[in-house]
Amino acid sequence: MSNLKTVGQSVLRQDSWDKVTGKALFANDFSMKGELHIKLVFAGRPHARIISIDTTKALEQPGVVAIFTGKDVPHNLYGLIKADQPVLCEDKVRFTGDQVCAVVAETIAQAEKAAKLVEIDYQDLPVITDPQSATKPGAELVHENKPNNIAHKVQLRRGDVQSAFAEAEIIIEREYHTPMQEHAYLEPEAGVGYIDEEGRVTVRTAGQSTHDDQRQIAQALGLPLDQIRVIYGAIGGAFGGREDISVQIVLALAAWKLQRPVKLAWSREESISGHGKRHAITLRHKWGARKDGTLIAAQVEAISDAGAYLSTSGDVIDNFRFSAIGPYQIPNVKVDAAAIFTNNVPGGAFRGFGSPQTAFAAELQIEHLAEELGIDPTALRLKNCLVEHALLPTQSEIPGVVSLPLLLETLAEKVDNHQADDLEAAGKTRSSSKHKKRGTGIAIGLKNSGFSFGFPEGSDAKVILHGDAEIERAELYTAAADVGQGVHSALAQIAAEVLGIPISKIELVTSDTAVIGDSGPASASRLTIFAGYAVQQAAEQALENFKAENRPAVGGGRWDAPPTEKPDPETGACFNSLSYAYGAQAVEVEVDTETGEIKILKITAVHDPGKAINPQQVIGQIQGSLVQAQGWALTENFIIEEGYVKSDKLSTYLIPTVMDVAIETESILVERPDTFGPFGVRGIGEIAFVCFAPAIISAVHDATGVWFDHLPLLPEQVAAALHAGSKQ
Amino acid sequence: MTKRSINLKINGKEYDLESKPNNTLLNLLRDELGLTGSKDGCQEGECGTCTVLLDGQPVNSCLTLAAQCDGREVVTIEGIAKNGKLHPVQQAFVETGAVQCGYCTPGMILSSVALLETNLTPSDAEIRTALAGNLCRCTGYNKIIEAVEQAAQVLQDE
């Protein structure tokens, strides 16, 4: 491993030159000659029957070419996992962002004007906004075929929690609430649809999986897969929010029906109201332990807001089977989790995929237990955390190199040193002024990589080598979506390493279903591992063929991962995942006890990327995750009232600015190559998000003595809680 | 709507254009001149992805009317590399890993260039103030601050 030449180097990203000069073409930067423009008519109301749609007046407007409704869509249901969402609603709308008509005109101004003249007669229905009451008998059904509005339920049973609770010397029982979160990628959804030179219905857009988009378009239009082509250009962020279809099917429909290029771009408001959110989840935890801190039982009940359509809501709570109790060993576990349909914006994939919510509750349970027992929280974590060969709640052994205790010890040493330095430097009170109080909190976490739970996992890749005696250039074909995380460079580094050539000789051909096989989506911290294995295999085969004098020398095809297992429906028992990433983080905050404002002063994030293929980019993932998690914890207040999104602008939904970011962020990479993953790599895209919010809550408690059980910690709420606390 | 004629310089080149009074500079650049390096992220001056330099000052081009630019000089991301050589700020963004998805990058670079035009030794607080109007959702800002510091050093040494 020490002889590596390209892997492990902070190679500069190949896409960055085009991005710093303005040459990179994002979805909305690409135009075609003679293109028409689409304006969508959204429902704008959370729950209603459609009585009639009258497009007469709109069609008479100058420049209007066509108006499409649900009747024009051959198979008018789509969905990433299950087709339950109309492309264009015909009889009912279930959230404000449902799409009803697509108005196509010569100019965008004409399309926008005509869209206002489409007359839709609605009969409003009772609006379901609270997943807790949505399951009660008699509640209005969001989907008629889903009794009690239950979208998906999972359970896990390990050991005997009742007996263990009876034995327990201490019980910690608490409820936690985590909020929706908007992805707020800076590029709103957009794309162009056209018929390509071979007659294929083509969509050039930004997403997380060209092939998932292709499959869903083909299914909705009733066309063979090879008649649909999906291409991605530069992608302006994703974080899970582009896993679901947004503009893709409508673009394909209009291009196909009209045989002309069409363009569609969502406004920021349409983007925020239209795509899925991180799930709001209520978690009730009951943990039992011995006086020495040994955890013996955990019971978790969780209700997740699935919103109006299934999206990935089922899969997010499927992951609860191993993540509900955080990164701890507990011999008796009972988990019941449900995702419930409401008329809110659908819950969908967002960096961490349920793990930030489960970590939030589990890490605070550990803190409360430590406080009650008077045990140091780091020691309590070390006593109970996952170690090698430990059993997960799914009753399978955790695979690979489990570096969690090492990361926690590394962190603890750092934090001790920091505090010693601080004390020495300042001679020091722990507050910078009378009403500003400082505190430190820590948290740990784990995140699985790859689809898990028996879902087939793997990737395609292809390498073509040119040259005579030596390799002059290598073409690398991958559909792995570079959503900003830098996966293209990482894959190029893996290919260069295997081929023994400088990375400058790698030519990437990316994200076009017409010429590249399926890599699976940019999700679940999976691409560097799974697309990485496919690239490694392709490069090895191509190199063999090159040595066998084949010109050009080609290698590649499908790489299938070893299987995982479907869970037992009663107990949840299974071998669920192939690979895990771990993290341990500390944060120092300053709380203004008068205003309730919380300032992040210093972050120490210790992570194990297995092998950092590109350390600079790994640290970029950690730093970006931390600030996104800071937003979730402190400023991002997604307001939805009676199904209407009130925070649909970047001026009302506040993501962190550069002013909010910690003065000092130290990212420490502790590399322990895993037994699975090319070069021992682990997926690093999500884990740094997972630990951070509970660390902030603990730091605020350390500073003020007050515990919070919800997010975000808005200043007015913090101030109110502190004032109430001081009166007690 | 009656169009009015405007004369302006964009990236060193003179333009005589007819523009509607309500046309924004961003629409003029993107839709009429094909300069798509300036991005359209929010249309309300919050995200800063449309930042350009107007007479050397960073402005949100989505909130600037094209007509306001009559007789003035605009520099976009397409106009700051000289003779095929990246501006030191661009080079620093590449080298420090300050670019992830890249959608905020043009605006970030132009705000940074404007800062360094007048201040070659910016403090951390001055860098943050200069970039306060530019949102980034990928990087956590750390490497962007690093890039500006590196570019400042390079420019000082020039």
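The values are calculated or read from the model by the stated rules, or taken from the named source; none is laboratory data. Predicted, not measured: the structure shown is a model, and the values here were computed from it. Glycine also receives a Cβ, built like all others from the backbone with ideal geometry; neighbour counts cover every protein chain displayed.
Just one residue in the set A:Gly326, A:Gly314 is closer than 30 Å to A:Ala252 by Cα and away from every other protein chain (no Cβ under 14 Å); that residue is A:Gly314. Taking the stretch A:236-319 and the helices (runs of 4 or more DSSP H) fully enclosed by it, the elements with 2 or more residues that are within 30 Å of A:Ala370 (Cα to Cα) are at A:313-318. Of note, A:Val589 does not satisfy the criterion of being modelled with pLDDT of 95 or more and either part of a loop (DSSP other than H, G, I, E, B) or within 24 Å of the chain's Cα centre (by Cα) (or both).
Contact map, the stretch A:175-187: residues that are under 21 Å from A:Ile303 (Cα atoms) and touching a residue at least 40 places away in the same chain (Cβ under 8 Å) paired with residues that are of a type in the set (S, T, N, Q) and in a loop (DSSP other than H, G, I, E, B), Cβ distance under 8 Å, separation 6+ or inter-chain. Pairs shown: A:Pro179/A:Asn637; A:Met180/A:Asn344; A:Glu182/A:Ser647. Per the conditions (1) without any contact (Cβ under 8 Å) to a residue 12 or more places away in the chain; (2) within 24 Å of A:Ala370 (Cα to Cα), the sole criterion not satisfied by A:His723 is (2).
Close contacts from the stretch A:642-659, counting a first residue that is within 7 Å of chain B (Cβ to nearest Cβ) and a second that is not in a loop (DSSP other than H, G, I, E, B), with Cβ to Cβ under 6 Å and a gap of 6+ residues or different chains, come to A:Ile655/A:Gly631; A:Val658/B:Arg128; A:Val658/B:Leu131; A:Met659/B:Arg128. Screening B:Lys82 against (1) under 27 Å from A:Arg13 (Cβ atoms); (2) modelled with pLDDT of 95 or more; (3) of a type in the set (Lys, Arg) leaves a single unmet condition, (2).
Reported count of residues in the stretch A:681-702, each being part of a helix (DSSP H, G or I) and buried (at least 24 other Cβ atoms within 10 Å of the Cβ), is 14.
Scanning the stretch A:39-76 for residues that are surrounded by 15 or more Cβ atoms within 10 Å (Cβ to Cβ) and in a loop (DSSP other than H, G, I, E, B) yields a total of 11.
In the stretch A:16-36, the residues that are at the interface with chain B (Cβ under 7 Å from one of its Cβ atoms) and in contact (Cβ under 8 Å) with a residue 40 or more places away in the chain form Cβ pairs under 6 Å with partners that are surrounded by fewer than 24 Cβ atoms within 10 Å (Cβ to Cβ) and in a helix (DSSP H, G or I), at six or more places apart or across chains, as follows: A:Ala24/A:Asp18. Among the residues of the stretch B:15-39, the ones that are hydroxyl-bearing (Ser, Thr, Tyr), at pLDDT 95 or above and either surrounded by fewer than 22 Cβ atoms within 10 Å (Cβ to Cβ) or not in a loop (DSSP other than H, G, I, E, B) (or both) come to 2 in all. Here is the figure for the stretch B:132-158: residues that are in a helix (DSSP H, G or I) and touching a strand residue (DSSP E or B) at 6+ places or on another chain (Cβ under 9 Å) total 1. With respect to the conditions (1) more than 22 Å from A:Leu25 (Cα to Cα); (2) crowded, with 21+ Cβ neighbours inside 10 Å; (3) at the interface with chain A (Cβ under 10 Å from one of its Cβ atoms), B:Pro58 falls short on a single one, namely (3). Of all the residues in the stretch B:114-129, those that are facing chain A (nearest Cβ under 9 Å) and surrounded by 19 or more Cβ atoms within 10 Å (Cβ to Cβ) number 2. Within the stretch A:603-621, track down each residue that is β-branched (Val, Ile, Thr) and closer than 17 Å to A:Gly8 by Cβ. If the condition is that a residue be β-branched (Val, Ile, Thr) and closer than 17 Å to A:Gly8 by Cβ, then A:Ile613, A:Val618, A:Ile619 are the ones that fit. Residues in the stretch A:323-343 that are assigned to a loop (DSSP other than H, G, I, E, B) and among the polar types (S, T, N, Q) were compared, and the one that is farthest from A:Leu386 (Cα to Cα) is A:Asn343. If you go through the stretch B:81-110 and keep only what is outside any helix (DSSP H, G or I) and either within 13 Å of the chain's Cα centre (by Cα) or at the interface with chain A (Cβ under 9 Å from one of its Cβ atoms) (or both), you end up with B:Ala81, B:Leu86, B:His87, B:Gly97, B:Ala98, B:Val99, B:Gln100, B:Cys101, B:Gly102, B:Tyr103, B:Cys104.
In the condition set (1) closer than 23 Å to A:Ile619 by Cα; (2) surrounded by fewer than 24 Cβ atoms within 10 Å (Cβ to Cβ), A:Gly557 is compliant with all but (1). Every listed requirement among (1) farther than 30 Å from A:Leu650 by Cα; (2) touching a Gly at 6+ places or on another chain (Cβ under 6 Å) is met by A:Glu144 save one, (2).
If the condition is being closer than 30 Å to A:Ala338 by Cα, surrounded by 12 or more Cβ atoms within 10 Å (Cβ to Cβ) and without any contact (Cβ under 8 Å) to a residue 12 or more places away in the chain, then the stretch A:90-138 contributes only A:Ser133. A:Gly596 meets the conditions (1) surrounded by fewer than 24 Cβ atoms within 10 Å (Cβ to Cβ); (2) more than 14 Å from every other protein chain (Cβ to nearest Cβ); (3) out of contact with any helix residue (DSSP H, G or I) (no Cβ under 7 Å at 6 or more places or on another chain) in every case but one. The failed one is (3). Residues in the stretch B:61-80 that are in a strand (DSSP E or B) and surrounded by 20 or more Cβ atoms within 10 Å (Cβ to Cβ): B:Val74, B:Val75. B:Gly12 meets the stated requirement of being modelled with pLDDT of 95 or more, more than 12 Å from the chain's Cα centre (by Cα) and more than 27 Å from A:Ala265 (Cα to Cα).
The set of residues in the stretch B:40-55 that are more than 7 Å from chain A (Cβ to nearest Cβ) and either touching a helix residue (DSSP H, G or I) at 6+ places or on another chain (Cβ under 6 Å) or buried (at least 22 other Cβ atoms within 10 Å of the Cβ) (or both) comprises B:Gly48, B:Cys50, B:Thr51, B:Val52, B:Leu53.
Among the candidates A:Ala370, A:Ala308, A:Ala390, the residue that is modelled with pLDDT of 95 or more and touching a helix residue (DSSP H, G or I) at 6+ places or on another chain (Cβ under 9 Å) is uniquely A:Ala370. The criterion of at least 3 residues that are basic (Lys, Arg) and surrounded by fewer than 22 Cβ atoms within 10 Å (Cβ to Cβ) is met, among strands (runs of 3 or more DSSP E) falling completely within the stretch A:433-525, by A:436-449.
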